[in-house]
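The values are calculated or read from the model by the stated rules, or taken from the named source; none is laboratory data. Owing to the predicted nature of the structure, the values given are computational and were not obtained by experimental measurement. Here the Cβ is made from the backbone with ideal geometry for all residues, glycine too, and neighbour counts use every protein chain on show. Please note that ligands, DNA and RNA were not included when accessible areas were found on the heavy atoms of the full protein model with its side chains. Shrake-Rupley method; radii C 1.70, N 1.55, O 1.52, S 1.80 Å.
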Amino acid sequence: MSLQEKIERTSVRAMMALPAAVAGRLAGLVEQVDRSTLDPRLRLLLALGDGRKGFHELPLPKGRALYGQLIRMLDVPEEAVAEVRDIQVPVEGDAILVRLYRPKDRVGPAPADGLPAILFCHGGGFTIGSAREYDRLCRHIANATGAVVLNVDYRLAPEHPAPTAAADAVGAWRWLTEQARDLGIDPERMAVMGDSAGGCLSLVIAQQAALAGLPLPKLVVAVYPKADGATDMPSAAQLGGGQGGLDKDMIQWFHGHYIQDESLLADYRVSPLRNPDLAGQPATLMITATDPLRDEGLAYGDRLKQAGVSVLNLDYPELVHGFITMGGALPAARKAVAEILAHARERL
């Protein structure tokens, strides 16, 4: 982390420590759009970024670097875990990194059948983000849930357009189902989890596992997922004007990189919401926020319920897209992440 990054990180965290009422008043002085329904400290955080270029307005390498900087500024601190191991996992035409984290400080010996596990897919519109940038969050997930976490570094667009990310995620799940016992994991207690693009991939894994005859996850944790390749639901228009962490221009930037063949919109690996048969899918935690993708997640949850699947919707209207990596700076995000992980731990 550069000196400038350290200074920005320290400054932001100091402002996030202000009383909520003070933060809200300061935000009201400078914010360029109405965010009055959001958490006051989040309003201030977003207002400080108004007028700055987003990563989607930069050349791709610089955009990827900026995304990493933002996560380092806001994410939870690095936690010690019992083990970190980098594994090269074969996928179609290549191999990808899967980083394994074994939780620390378990009470008592590990169960004879092994520990639960969570296969995690990061966000970033299939274009930015990496296992490295989600390293701190995955360490935290491991310790908070008591599960082995496997952080999937799937290949990114535009170098690897759709459906490569989906194929990599399913390949990682196939590998995990085959290697679980050797990794000290209970194959009956494995979940998939992801945020945004990674939320889409968690839905895709569960669907494609069923179609391929693979073991299904016990639980899906979909955090504000991109459930459809198109973005034409009401929330996209209502909440895509720059109020939060994702806007319509950014969505189109991701879309152009990842979906280079528009015919793939009908492919369930790109648009899991379009799969007409969701019967038998795993129990699902559906996480939503004040977010252009909100209606996609809600629609998918409704479809699951209609198919007889157990669904719990955890809704955080005071937060925005991207909050899962804001827990180090923003108290409301930290509280939400703790609640999500407590529900996941309870179900595993």
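Details
- Dipole size of the chain about its Cα centre, with +1 on Lys/Arg Cβ and -1 on Asp/Glu Cβ: approximately 880 debye, rounded to the nearest 20.
- Part-to-part distance (alpha-carbon centres) for region 112-141 and region 290-348, which is given in Å: 16
- Peptides ranked, highest mean first, by Cβ atoms within 10 Å: ranges 291-299, 48-56, 155-163: 291-299, 155-163, 48-56
- Solvent-accessible surface of protein heavy atoms, probed at 1.4 angstrom with all chains present, puts 43, 347 in the order 347, 43, largest first.
- Couplings 3J(HN,Hα) of region 84-96, computed from phi: 10, 9, 8, 10, 8, 10, x, 9, 4, x, 6, 9, 10 Hz, in residue order, whole Hz [Karplus 6.51 cos²θ - 1.76 cosθ + 1.60, θ = phi - 60°; x for Gly and Pro].
- In the chain, the longest principal axis of the Cα atoms and the axis of helix 248-258 are about 30 degrees apart.
- In region 152-293, a dipole from Cβ-located charges (positive for Lys and Arg, negative for Asp and Glu) runs towards its positive end, and of 283, 230, 152 it is 283 whose Cα lies farthest in that direction.
- Value of relative contact order over the chain, rounded to a whole percent, pairs C-alpha under 8 Å and six or more apart: 17
- Cα-centred dipole magnitude for region 8-80, charges only on beta-carbon of K, R (+1) and D, E (-1), debye, nearest 20: 160
- Size of charge dipole - region 121-236 - debye, nearest 20, with Cβ of Lys, Arg +1 and Asp, Glu -1, no other charges: 200
- Taking 0.36 nm per residue of separation and subtracting the Cα-Cα distance, full extension of the segment from residue 338 to residue 179 would add 54.3 nm.
- 10 Å binning of all Cα-Cα separations within region 1-88, expressed as whole percents from 0 upward: 14, 36, 33, 13, 4
- Rule-of-thumb Rg ratio for region 144-250 [Cα; 2.2 N^0.38 Å; N residues]: 1.20
- Estimated [θ] at 222 nm from DSSP helical runs (n ≥ 4, -39500 (n - 2.57)) normalised by residues in the chain, nearest 500: -12500 deg cm²/dmol
- Region 35-194 gives an Rg/Rh value of 1.02, both radii derived from C-alpha positions and Rh following Kirkwood.
- Amide H contacts under 5 Å for residue 185, placed H, 5+ residues apart: 115
- Calculated log₁₀ intensity ratio I(q)/I(0) where the Debye formula runs over C-alpha points of the chain, q = 0.11, 0.16 Å⁻¹: -0.68, -1.51
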